[in-house]
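Any read-out appearing in this document is the output of simple, stated calculations on the displayed coordinates, not a laboratory observation. Keep in mind that this is a model prediction, so the values were computed, not measured.
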Amino acid sequence: TNAWYGNANIYHERFEKAFADYLGVRYAIALPSCTSAIHLSLLALPPELDEALQSGRCTSPRTLHELGKLHADNPEQVQSLLNSSAEITRTAVSSLRAEPDAGAASEEAPSRSNKLIAQANAACERLERALGRIQPSNSHKVALPELVALRIRVEDITKRWLQGSE
């Protein structure tokens with residue numbers, strides 16, 4: 001074997017660290033393929049799309065990923081598709097992307113701040129769902145110190161934001 005394959009884990013870890021540093025985040029995860037990344041993104045689906053997945057209405061990870069990205073910018077359009085009897089396919093998602101937002105003609109485009117606030121709210125919804133899945137049981141103790149650390153982290157983020165917005 002050559003050095004790349006024999007030491008792949010070293011290169012992999014270096015890449016993750018360098019990429020996390022570049023983004024200014026604590027961690028980054030490198031995956032072997034786009035397919036793996038799309039499957040991983042299913043963990044962060046908005047509740048409406050998670051319901052479509054769980055019910056079997058849409059089972060394509062790629063379609064759900066694309067629909068999730070569209071939902072971040074135009075939740076009303078996505079909700080309209082979900083409320084309809086139309087089949088949820090990549091073609092349907094592409095058509096939605098090509099359509100101008102129905103409300104956009106009568107309203108101003110949302111500001112960057114409003115988009116960021118919507119993204120933060122979506123992140124909070126995902127956090128609530130994730131915390132809701134934590135079920136204490138006798139066989140697996142809930143990691144109380146980690147939950148306390150998470151609460152403190154969220155409080156610190158809020159405090160820093162409030163201090164910066166004054």
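Descriptive notes on the structure:
- Region 55-66 - phi-based ³J(HN,Hα) in whole Hz, Karplus 6.51/-1.76/1.60, Gly and Pro as x: 7, x, 5, 9, 10, 7, x, 5, 5, 5, 4, 4
- Overall, the ratio between the Cα radius of gyration of region 1-89 and 2.2 N^0.38 Å, rounded to two decimals, is 1.45.
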